[in-house]
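Working notes, structure below.
The values are calculated or read from the model by the stated rules, or taken from the named source; none is laboratory data. Note that this is a predicted model, so its numbers are computed, not measured. Please note: Cβ atoms are built from the backbone with ideal geometry, for glycine as well, and neighbour counts cover all protein chains shown.
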Amino acid sequence: MKGSKRYQKLSSSYSKETMFEVKDSLNKIKEMASAKFDETVEAAIKLDVDPKKADQMIRGSILLPHGSGKEKKVLAFAEGESQVKAEEAGADWVGSQDFVDKIEKGWLECDAIVAVPEMMPKIGKLGKVLGPRGLMPTPKNGTVTKDIGQAVKEIKQGKVNFKVDQGGNIQVPIGKASFKENDLYENFVDLIKKIWSLKPSSVGGQYLKGITLSSTMGPGLKIDINHVKKDIIVGS
């Protein structure tokens with residue numbers, strides 16, 4: 001993609017050293033999004049943290065106010081009354097040991113997995129398969145819960161999970177290029193506020209080191225961190 005003539009043309013439309021304000025960058029991203037499909041707009045956030053330290057492993061989830069634009073297929077591990085609630089909430093698949101067996105045989109058609117706490121002993125052995133794919137249910141992001149119906153609804157409405165990688169980076173979709181600019185902006189604002197709220201007390205200095213916004217097929221635009229801190233974090 002980065003070697004394509006289209007990508008090079010888009011990249012040459014601005015200086016790589018330009019620091020954009022958020023709304024300006026979103027406007028330009030929408031202008032540049034010319035693929036034959038509705039491109040995803042993504043935020044790449046660099047944090048000044050050491051993920052090897054337990055208290056600096058930044059992870060969480062957020063229900064974007066305007067959704068992510070992606071329709072997610074949800075698997076719910078539940079039985080009895082919880083199974084009924086998951087089905088009523090719109091889960092695409094609901095099961096127990098049957099889906100543990102299917103996943104062990106290679107089935108992974110879902111985009112998200114939720115479970116009631118009672119199911120976790122059965123699911124635990126799937127950690128090596130689900131963990132690397134970000135699908136392992138966990139109480140920290142609300143995917144292990146007694147209120148499984150609500151968990152399914154939130155995912156269907158646009159809830160996204162995020163986790164810092166070993167390099168201190170977080171990548172989160174904030175919508176589609178077809179979204180209104182203000183809807184993308186409000187999704188971005190809520191995401192940044194959420195990540196800022198997770199700042200560990202052991203982290204001094206900058207915390208937010210860098211932010212880049214881009215669409216699936218487009219180049220990244222660097223965001224002015226000072227603007228973000230002044231207008232979004234301090235101004236909130």
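Annotations for the structure displayed:
- Number of residues in region 37-96 that are hydroxyl-bearing (S, T, Y) and farther than 25 Å from D224 by Cβ: the value is 3.
- Look at (1) modelled with pLDDT of 95 or more; (2) more than 30 Å from P137 (Cα to Cα); (3) outside any helix (DSSP H, G or I) and you find that E17 fails only one, number (1).
- Listing of helices (runs of 4 or more DSSP H) fully contained in region 130-236 that carry 3 or more residues being under 30 Å from Q83 (Cβ atoms) and over 14 Å from the mean Cα position of the chain (by Cα): 148-157
- Qualifying residue in region 25-37 (condition: modelled with pLDDT of 95 or more, over 30 Å from Q97 (Cβ atoms) and β-branched (V, I, T)): yes
- Region 223-236 - residue that is surrounded by fewer than 17 Cβ atoms within 10 Å (Cβ to Cβ) and of a type outside the set (A, V, I, L, M, F, W, C) and, of those, modelled with the lowest pLDDT: S236
- Selection over region 201-224 of residues that are of a type in the set (V, I, T) and either free of Cβ contacts under 8 Å to residues at least 12 places away in the same chain or not assigned by TED's automatic domain parsing to the domain that holds S178 (or both) gives a count of 0.
- In the set I103, I113, I58, only one residue is of a type in the set (A, V, I, L, M), in the same structural domain as F37 (by TED's automatic domain parsing) and surrounded by 18 or more Cβ atoms within 10 Å (Cβ to Cβ); that residue is I58.
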